[in-house]
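The values are calculated or read from the model by the stated rules, or taken from the named source; none is laboratory data. Note that the structure is a prediction, hence the values are computed from the model and not measured. Don't worry about glycine lacking a Cβ; one is built from the backbone with ideal geometry, like all the others, and counts go over all protein chains shown. Calculation scope for accessible area: heavy atoms of the full protein, side chains included, ligands and nucleic acids excluded. Shrake-Rupley method; radii C 1.70, N 1.55, O 1.52, S 1.80 Å.
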Amino acid sequence: MSELAAKFDVETETTQLQQDTEKEVTPFFIKLDGLNDSQLRHLRDVGLVNETGYDVRLLREKHVKYLLTGLANLSAGYSSLDASRPWIAYWCLHSLDLLDSIDDDLCPRVVSTLRSFQNETGGFGGGPMQLSHGAPTYASCLALLLVAPRCPAAYEAIDRPALYKWFLAMKTPTGGFRMHDDGEVDVRGTYTIVAIAALCNLLTPELCENVAEFTVSCQTYEGGFGGEPGNEAHGGYAFCAVAALQILGKLDMCDVEALKGWIARRQMSFEGGFQGRANKLVDGCYSFWQGGAMAVVNAAENGLSGFDSAVNEFIPEVGSAGDAVDVSKTAEATPSAGGLTFDQGLLQRYILLCGQHVEGGLRDKPSKMRDYYHTCYNLSGLSVSQHVLSEPPQNPAINMPPPPNTSALLISERSKCSLRLKTITDLLNHGMTSRRKEIEKKIESCPTFSNTPNANLSRLELHSRALAKHIKMMEIAQQLKISLNDCTSPEFVMLVQAVNDDLPTLLHWGMFMPNIKCLCDDEQREKWLPLCSDCRVVGCYAQTEMGHGSNVRALETTAAYDNATKSFTINTPTLTSTKFWPGSLGKSANTAMVIAQLIDSTGANRGVHNFIVPIRDYCTHEPLPGVTVGDIGSKLGYNKMDNGYLKLQNVVIPKENMAMRFSKINEFGVYEKINLDDATSKISYITMMQVRAQIVAMASQALAQACTISIRYSAVRVQGFDKTGKKEKQIIDYVQQQHRLFGYLASSYAFFFSGRRIMENLKSIERGIIDKTRSVSKNQIGDLHASLSTLKAFCSTVAAEGIENCRRACGGHGYLVASGLPELLTTYQQNPTVEGDNYMLPQQTAKVLLKLLQAILSGDDSASVEWAGCDAFYFVEGIKEQSQDPPPIPINNPEAAIDTTLLLKILKRRSSQILIEVGTSINEGLDDGAELSEVWNDSLIQIARVSNAHAAVLLMQSFDDFLKSNELTGEELIAMRQLACLFGLMVVERDAGDFHDILDKAGIDHVRKAVLLVLKKIRPNAVGLVDAFDFSDFRLKSVLGRYDGEVYEHLMKSCEADMMNRQEVIQPVVSLGGLGLTSRL
């Protein structure tokens, strides 16, 4: 009675068959040393046992001879397998490959034959003119790969684009694949397609969607896998499922422990081979289907995917010089001998003793006939059982098309561009392109300005190198006759941009000197500005404290005046009063413009004032007595800038170091305000506002750099296939990628035109006041302040978000420092915070706009006169229009929405509507008895919406004004109009909820469709529009955004140059062996 029957004391047909099988194989397991001479002689004559000893041999030569007949002439009995011709070829070739015996002369015939099985629509049939089917496609491709190293034409035989198209046609919504048109959907079809797709580099996200989910759904309660959900678990299907999940990297989605248990239970305890299902008989083919599945699982558990030769000397490799095994020892093999969770020794015993036919070929069991199928999978199972887990081998690669010529792709893009780029470049350079190029050439040719990757330098090295650049830049400025006294002048801006590094002294020119110009009197300016010009004095602006930032009135630093000594004593009396964050303060500056509470000689607090405080010795640069100063430490980015902290303890400065243009301590020690004429006070304020205008311009530049990198890279990066299925597609041709990037491209141009307009306006007002040719009202000054506050907040927020989204649009490569985007991003991220936090500035805008709203709603007709010429003037008509409950603005079709005038009208109506909502909400709160501070706090979110809406109008207005200025004509003007429309359309699309009663539902839908139309219009000129910015590779510092498009060559060079690759072995790794970690490290 069989073990099964004995265990359960029951006799069935199944137990009887099992008992018969055990009896069948028992004679093959006898001890060879117990045979008589005649029996042993017979085994040696057929080659199964060595001439000396008792080692059982793999009948290698006989198996090779048998397999070669399968690739030559088959008997008539094989006619029923006509549709399996690719399988016969694969079974034979794979077996010969395991035995290292593929005949080179056969390979061209294999290629020629299998090529004829391929259909034009993709995939292979079982023979010529037969329907494409997953099984013969799998077998054909693997067979071609097996002969490809000897016959390269095999690589070219597979029509990969057509194959991919056919794969997609076989895919079902469940995630599974059909075996053929209208065929069954099971894990067998899924595995065959996933495996070949992986080998052919066709495993796209589109193809993989839901595949793992479908496969896992086929796992049964036992742990194995059925062909379809709900089917009985089966060894062949289990292997297909396991292999497919491993290829997809999703094996952990199934119940791995249950799977291992199910496979382990399939190994027969008596025979040593595997059964395919529960209560079935042993079968040699499952040596691979079950053994191979377990090997895949065990490999995945160890983070490996390949095999290496066995360590046990009595387990030979298939096809090795020693291809015999001593059966007397195999019974001693344990499941752990080769690292797999089954008894590898017992499996080998079954294959070698019961599976081999003495004339060559292998079989299911001794009573069965040999065939090519069982030969293939017995040998495959033997190979699995004779190998231990190791590092993955090199996988054969199918013939891939040559990598795209990235340079040619960019050349092609530029040939499609219809724009005169120099015209746009001159516009962006204020007509000074030649001068800019002269400055850049001077900088780039100087070794001091080398842009060696900053990631390889320490903070100290970064800072020191940046200081060296500052000194060299001053020399070059003298040589090129560029004044450093006006940080807003075009030449100064071009010089700093050409250096393209974060100089730790920039705040000296950007904040310290403007403060002296604006807040100091004539005598003070005459003393300090010459010292600043040649950097004998290097200053910083010390306002922010550790505990206070935007709330300037609450600053704790004090400046107490002593009339007896005619001096101020400066103190930071608490920890939170420590000056914290000022740029250039940590190590560079020797003087600080300290903002402190002025305490006069009577003890009265006169509020915050500015004081010029020397903090370091002008010769030795050592901190002065009472001064504790240092760097605040590493930041997210911008680490060449030495943002610092400053503690002042009884630091005495002369009375004359108080900024005294608007207030002073007189000769009697009495604090007094200075009544300047209106013009002088306005000039001072306008000069300070120019700093915010510069931030708007910087937003344009930074975003333009990010767009240049990401759009050029999108033009050379290919992914997926075009509609022909034969050519890989540039990712810039995906609408989603266009939507991600082109809006930021439009924004960068919008920021440029708005920044240029407001800077020109500020300069014009300043000149007009000085020349006494222009009068400026307080409302106009307030309007400028409101515009700059909202534009600084809006533009720097969008730029910061845009740089990050451009980085993401470059995929994994965008995360590399070599892409240039991480440094650009982390350096720029400070801008939403500096010069007024972007969540605070909208309040300043709202205060001005609410004042205008109050004047209009009160019926004061003077508002129309007083606000004429102001940026906010459109509110006058807009608020009056809202009082009449206007109907939705009609948009009849998507093309109609592509109109800057229409879009400007839509955006203006939104601004007016939200401003009225905020004003109404505040008034209602006050009417209910709430305090103004409480009502204001409750309105902050709506106030931010007002500010953003107003900014969008200003940007769109500047763009529209430019379009009407005739500065550009022809194709260039058309391209700018497209960008302007895209900017406006995407604002409406993004904030669609704000426009629900400004546009009807059809109008919103037309806007969305119009966005797609404009993206398509911009696409041919996209690369040209970023080329027009004319950033040199030196400035971009990006392997992805290179002008020549040689992305991958320079990406590899950047890897090779990295400091981590300057030595092959990192020393601590070697010492790991001392901890017992003697792996392949």
Would you please name the residue that is nearest to MET986 (Cα to Cα), looking only at residues in the range 924-939 that are surrounded by 15 or more Cβ atoms within 10 Å (Cβ to Cβ) and not small (Gly, Ala, Ser)? TRP936
Members of the range 253-295 that are in a helix (DSSP H, G or I), open to solvent by 10 Å² or more (accessible area, probe 1.4 Å) and either under 18 Å from ALA195 (Cα atoms) or touching a helix residue (DSSP H, G or I) at 6+ places or on another chain (Cβ under 8 Å) (or both): MET253, VAL256, LYS260, ALA264, TYR286, PHE288, TRP289
Looking only at the range 100-127, count every residue that is assigned to a helix (DSSP H, G or I), open to solvent by 30 Å² or more (accessible area, probe 1.4 Å) and modelled with pLDDT of 90 or more and tell me the total. 5
Tally, over the range 967-985, of residues that are open to solvent by less than 30 Å² (accessible area, probe 1.4 Å) and of a type in the set (Val, Ile, Thr): 0
For the range 214-238, which residues satisfy the criterion of being hydrophobic (A, V, I, L, M, F, W, C) and under 35 Å from the mean Cα position of the chain (by Cα)? PHE214, VAL216, CYS218
Filter the range 407-461 down to the residues that are within 29 Å of the chain's Cα centre (by Cα) and part of a loop (DSSP other than H, G, I, E, B), then identify the one that is farthest from GLY1041 (Cα to Cα). SER458
Could you check, for the range 755-777, whether at least one of its residues is within 30 Å of MET1052 (Cβ to Cβ) and part of a helix (DSSP H, G or I)? no
Modelled with pLDDT of 95 or more, open to solvent by 10 Å² or more (accessible area, probe 1.4 Å), out of contact with any Leu (no Cβ under 8 Å at 6 or more places or on another chain) and not small (Gly, Ala, Ser): does that describe ILE599? yes
Just to verify a result, which residue in the range 629-683, among those that are under 22 Å from ASP522 (Cβ atoms) and of a type in the set (Phe, Trp, Tyr), is modelled with the highest pLDDT? TYR671
Helices (runs of 4 or more DSSP H) (entirely within the range 884-973) containing at least 1 residues that are within 34 Å of the chain's Cα centre (by Cα) and either among the basic types (Lys, Arg) or modelled with pLDDT under 95 (or both): 940-963
Subset of the range 703-737, residues in a helix (DSSP H, G or I), open to solvent by 10 Å² or more (accessible area, probe 1.4 Å) and in contact (Cβ under 8 Å) with a residue 24 or more places away in the chain, comes to GLN705, ASP733, VAL735, GLN737
Name the residue that is least open to solvent (accessible area, probe 1.4 Å), counting only residues in the range 1047-1081 that are among the β-branched types (Val, Ile, Thr) and at pLDDT below 85. VAL1069
So how many residues does the range 484-527 have that are in contact with a Leu (Cβ under 8 Å, 6 or more places away or on another chain), open to solvent by less than 40 Å² (accessible area, probe 1.4 Å) and part of a helix (DSSP H, G or I)? 6
Breaking point among (1) open to solvent by 40 Å² or more (accessible area, probe 1.4 Å); (2) at pLDDT 95 or above, for GLY802: (1)
In the set ASN571, ASN563, which member is over 24 Å from THR833 (Cα atoms) and surrounded by fewer than 19 Cβ atoms within 10 Å (Cβ to Cβ)? ASN563
Quick check on my filter: what residues within the range 133-157 are open to solvent by 10 Å² or more (accessible area, probe 1.4 Å) and outside any helix (DSSP H, G or I)? HIS133, PRO149, ARG150, CYS151, PRO152
Per the filter on the range 358-391, residues touching a Phe, Trp or Tyr at 6+ places or on another chain (Cβ under 6 Å), under 8 Å from GLY284 (Cβ atoms) and at pLDDT 95 or above are TYR377
Under the condition of being in contact with a Lys or Arg (Cβ under 9 Å, 6 or more places away or on another chain), closer than 15 Å to VAL946 by Cα and not small (Gly, Ala, Ser), which residue from the range 862-909 is surrounded by the fewest Cβ atoms within 10 Å (Cβ to Cβ)? TYR874
List pairs: first in the range 109-121 and aromatic (Phe, Trp, Tyr), second crowded, with 23+ Cβ neighbours inside 10 Å, Cβ under 7 Å, 6+ apart or cross-chain? PHE117/PRO86; PHE117/PHE124; PHE117/PRO136; PHE117/SER140
The listed residue being touching a Gly at 6+ places or on another chain (Cβ under 6 Å), surrounded by fewer than 23 Cβ atoms within 10 Å (Cβ to Cβ), small (Gly, Ala, Ser) and not in a helix (DSSP H, G or I), out of GLY223, GLY183: GLY223
Screening GLN737, GLN719, GLN780 for residues that are modelled with pLDDT under 95 and within 25 Å of the chain's Cα centre (by Cα) leaves only GLN719
Determine whether GLY189 is outside any helix (DSSP H, G or I) and among the small types (Gly, Ala, Ser). no
Under the condition of being of a type in the set (Ser, Thr, Tyr), out of contact with any Asp or Glu (no Cβ under 8 Å at 6 or more places or on another chain) and open to solvent by 20 Å² or more (accessible area, probe 1.4 Å), which residue from the range 820-861 is modelled with the lowest pLDDT? SER858
Top-ranked residue of the range 77-99 - restricted to ones that are open to solvent by less than 20 Å² (accessible area, probe 1.4 Å) and in contact with a Phe, Trp or Tyr (Cβ under 7 Å, 6 or more places away or on another chain), ranked as nearest to VAL110 (Cα to Cα): PRO86
